[in-house]
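Trainee: The structure is given below, and queries will be raised subsequently.
The values are calculated or read from the model by the stated rules, or taken from the named source; none is laboratory data. In this text, all values refer to a predicted model and were calculated from it rather than measured experimentally. Cβ coordinates were reconstructed from backbone atoms using ideal geometry, including for glycine residues, and neighbour counts include every protein chain displayed. The area values use the complete protein model at the heavy-atom level, side chains included, leaving out ligands, DNA and RNA. Shrake-Rupley method; radii C 1.70, N 1.55, O 1.52, S 1.80 Å.
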Amino acid sequence: MPGIYIHFPFCIKKCCYCDFFSITDMKNTGKFNKSLINEIGLYTDKLDSKPYVSTLFFGGGTPSLMKPEELELIINELKKHFNFTDALEFTVECNPGTIEKSKLEGYEQLGVNRLSIGIQSLIPKELEFLDRIHSPEEALKAIETGREAGFDNISTDIIFSIPGQKVKDIQYTLENLLKYKPNHISAYNLTFEKGTPLYNSMQSGKVRKNDDEVDAEIFEYVSDTLTDAAYEQYEVSNFTLDGMKCRHNLNYWNGGEYFAFGPSAHGYINGTRYWNHRNLKKYFDLVEKDSLPVEGSEVLTKRQLLEEKIMLGLRCEGLNIEEINKEFQIDLIAVNQELISLLTKDKLMENGNQKLRLTRKGYLLSDEIITKMCAGLGSVE
Ligand code: SF4
């Protein structure tokens, strides 16, 4: 069943590493809410039915800047055009510097049942380096406040391999975070995206990226520590306690459909991927003219679908060989025989129960392995 992604494009301060579309000029938040409601109406006017959706995700930007009253207007609009399943997973991304109990209680009353809190680190100098607006105390308090407001599904994001970070630093963050038992932890390696201040600092020599060995050592530490603490690593960067996986992301990773609204949002419906303009003025202008703010779209080819399946499958719980072979009319093992044998021998991959999956050691090299697997498809179309 499809999900819905909503992109809220405002932040109090821009973080140095952030490549998401967000702006710090808040003067247009009211106009944005109205445009978003109009966009939802414009899009759904073209649908013949009222689709069922099983996940709803407000990301950004900083959607936790929204007051419950503002969120309510958008939810009401969505409810006019979509059927929410009873078991709807409804997530709002929260920046610890923007929440208070009354706001979270308001969210909870509106049906939000999952918070995704951007902790990132519990070390002041690391938070400062990342340009985050919150302190370690505020980060931990955010989890407590979420619990007090009635949330029993709380996810936290952390970032590792910040320049200069040592294993003892990530150990400090994890040990303190684990005392709060978040239901889910997403642990991302800091990336240096082109065009970000962080990337520019690296180019000018002001900041030095950690060596690959340090990256690997820290990732292994994160993975081991969370697994030892009973978290299941169900995707390279995602860990869950008591089976509380992020169903919204699982839908992406399983190649499921999702509607998307808001500037820069990407959707995937009926085999077509589409993306909205990454520019607020353009977004406003088009919606004002009753046009969808879509910048581009593409129908995925069979080859793209296969590559996506390989990438997402290997990052998650493995590739179902029989299913893929049938769907794409190939013999996936045969076309990559040599590579698979090598990876299996090096204990980076395992093949059992008709599932080809990366081991925890293999997760460390997932990007490289996926690239090689896709290149190995040769002329398969
Ligand atoms: S709070 Fe999140 S979306 Fe906003 S600038 Fe920082 S990383 Fe980007």
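Trainee: Within the group 231, 199, which residue is surrounded by 20 or more Cβ atoms within 10 Å (Cβ to Cβ) and aromatic (Phe, Trp, Tyr)? If you could, list the steps in order and put the result at the bottom.
Mentor: Numbers: 199 fails: surrounded by 20 or more Cβ atoms within 10 Å (Cβ to Cβ).
Checking each option against the conditions leaves just 231.
Trainee: Which residue pairs have Cβ atoms under 7 Å apart, sit 6 or more places apart or on different chains, and have a first residue in the stretch 8-28 that is free of Cβ contacts under 8 Å to residues at least 24 places away in the same chain and a second that is open to solvent by 20 Å² or more (accessible area, probe 1.4 Å) and within 9 Å of the ligand (Cβ to nearest atom)?
Mentor: Once the first residue is free of Cβ contacts under 8 Å to residues at least 24 places away in the same chain and sits in the stretch 8-28, its partners that are open to solvent by 20 Å² or more (accessible area, probe 1.4 Å) and within 9 Å of the ligand (Cβ to nearest atom) give 24/12; 24/13; 24/14.
Trainee: Taking the stretch 36-58, which residues are without any contact (Cβ under 8 Å) to a residue 60 or more places away in the chain and touching a strand residue (DSSP E or B) at 6+ places or on another chain (Cβ under 6 Å)? Full working, then the answer.
Mentor: Our first condition is that a residue be without any contact (Cβ under 8 Å) to a residue 60 or more places away in the chain; within the stretch 36-58, this holds for 37, 41, 44-50, 52, 58.
If the condition is that a residue be without any contact (Cβ under 8 Å) to a residue 60 or more places away in the chain and touching a strand residue (DSSP E or B) at 6+ places or on another chain (Cβ under 6 Å), then 50, 52, 58 are the ones that fit.
Trainee: Would you check if there is a residue in the stretch 184-192 being surrounded by fewer than 21 Cβ atoms within 10 Å (Cβ to Cβ) and away from the ligand (no atom under 15 Å from the Cβ)?
Mentor: no
Trainee: For the stretch 327-360, which residues satisfy the criterion of being exposed (fewer than 15 other Cβ atoms within 10 Å of the Cβ) and either in a loop (DSSP other than H, G, I, E, B) or in contact (Cβ under 8 Å) with a residue 60 or more places away in the chain (or both)?
Mentor: 329, 331, 346, 347, 353, 354, 359
Trainee: Being of a type in the set (A, V, I, L, M) and touching a Cys at 6+ places or on another chain (Cβ under 6 Å) is the filter here; which residues of the stretch 279-309 pass it?
Mentor: First, the residues of the stretch 279-309 that are of a type in the set (A, V, I, L, M): 280, 286-287, 292, 294, 299-300, 305-306.
Those that are of a type in the set (A, V, I, L, M) and touching a Cys at 6+ places or on another chain (Cβ under 6 Å): none in the stretch 279-309.
Trainee: Which count do you get for residues in the stretch 154-167 that are open to solvent by 20 Å² or more (accessible area, probe 1.4 Å) and not in a strand (DSSP E or B)? Let's see the steps before the verdict.
Mentor: Here is the first cut: in the stretch 154-167, the ones open to solvent by 20 Å² or more (accessible area, probe 1.4 Å) are 157, 163-164, 166-167.
Filter again for not in a strand (DSSP E or B), leaving 163-164, 166-167.
Qualifying residue count for the region: 4.
Trainee: Please go through the stretch 82-113 and give me each residue that is crowded, with 18+ Cβ neighbours inside 10 Å and under 25 Å from residue 47 (Cα atoms), ordered by number.
Mentor: Answer for the stretch 82-113, where residues must be crowded, with 18+ Cβ neighbours inside 10 Å and under 25 Å from residue 47 (Cα atoms): 82, 88, 89, 90, 91.
Trainee: So if I check each of 137, 213, which one is farther than 26 Å from residue 56 by Cα, assigned by TED's automatic domain parsing to the domain that holds residue 240 and at pLDDT below 95?
Mentor: Answer to the check: 213.
The rows are residues; the columns are (1) within 16 Å of the ligand (Cβ to nearest atom); (2) over 17 Å from residue 265 (Cβ atoms).
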| position | (1), (2) |
| --- | --- |
| 30 | no, yes |
| 34 | no, no |
| 39 | no, no |
| 43 | no, no |
| 50 | no, yes |
| 66 | yes, no |
| 73 | no, yes |
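Trainee: Another one. Limited to the stretch 93-128, what total is found for residues that are of a type in the set (A, V, I, L, M, F, W, C) and within 13 Å of the ligand (Cβ to nearest atom)?
Mentor: Within the stretch 93-128, the subset of a type in the set (A, V, I, L, M, F, W, C) is 94, 99, 104, 110, 112, 115, 117, 119, 122-123, 127.
Going one step further and asking which of them are within 13 Å of the ligand (Cβ to nearest atom), we end up with 94, 99, 117, 119, 127.
Of the residues in the stretch 93-128, 5 are of a type in the set (A, V, I, L, M, F, W, C) and within 13 Å of the ligand (Cβ to nearest atom).
Trainee: So, in the stretch 271-293, how many residues would count as being touching a strand residue (DSSP E or B) at 6+ places or on another chain (Cβ under 9 Å), open to solvent by less than 20 Å² (accessible area, probe 1.4 Å) and among the aliphatic types (A, V, I, L, M)?
Mentor: 1
Trainee: Just give me the residues in the stretch 1-16 being more than 7 Å from the ligand (Cβ to nearest atom), crowded, with 19+ Cβ neighbours inside 10 Å and in a loop (DSSP other than H, G, I, E, B), in sequence order.
Mentor: 9
Trainee: Please list, ordered by first then second residue, the pairs with beta carbon atoms under 9 Å, 6 or more apart or interchain, first in the stretch 268-284 and part of a helix (DSSP H, G or I), second aromatic (Phe, Trp, Tyr).
Mentor: 280/21; 280/32; 283/32; 284/32
Trainee: Considering only residues of the stretch 17-28 that are within 14 Å of the ligand (Cβ to nearest atom) and surrounded by 14 or more Cβ atoms within 10 Å (Cβ to Cβ), which is nearest to the chain's Cα centre (by Cα)?
Mentor: The first filter runs over the stretch 17-28 and keeps only residues within 14 Å of the ligand (Cβ to nearest atom), leaving 17-26.
Now narrow it down to the ones that are surrounded by 14 or more Cβ atoms within 10 Å (Cβ to Cβ): 17-23.
On the way: 17: 15, 18: 13, 19: 13, 20: 11, 21: 14, 22: 16, 23: 19 Å.
Ranking the candidates gives 20 first.
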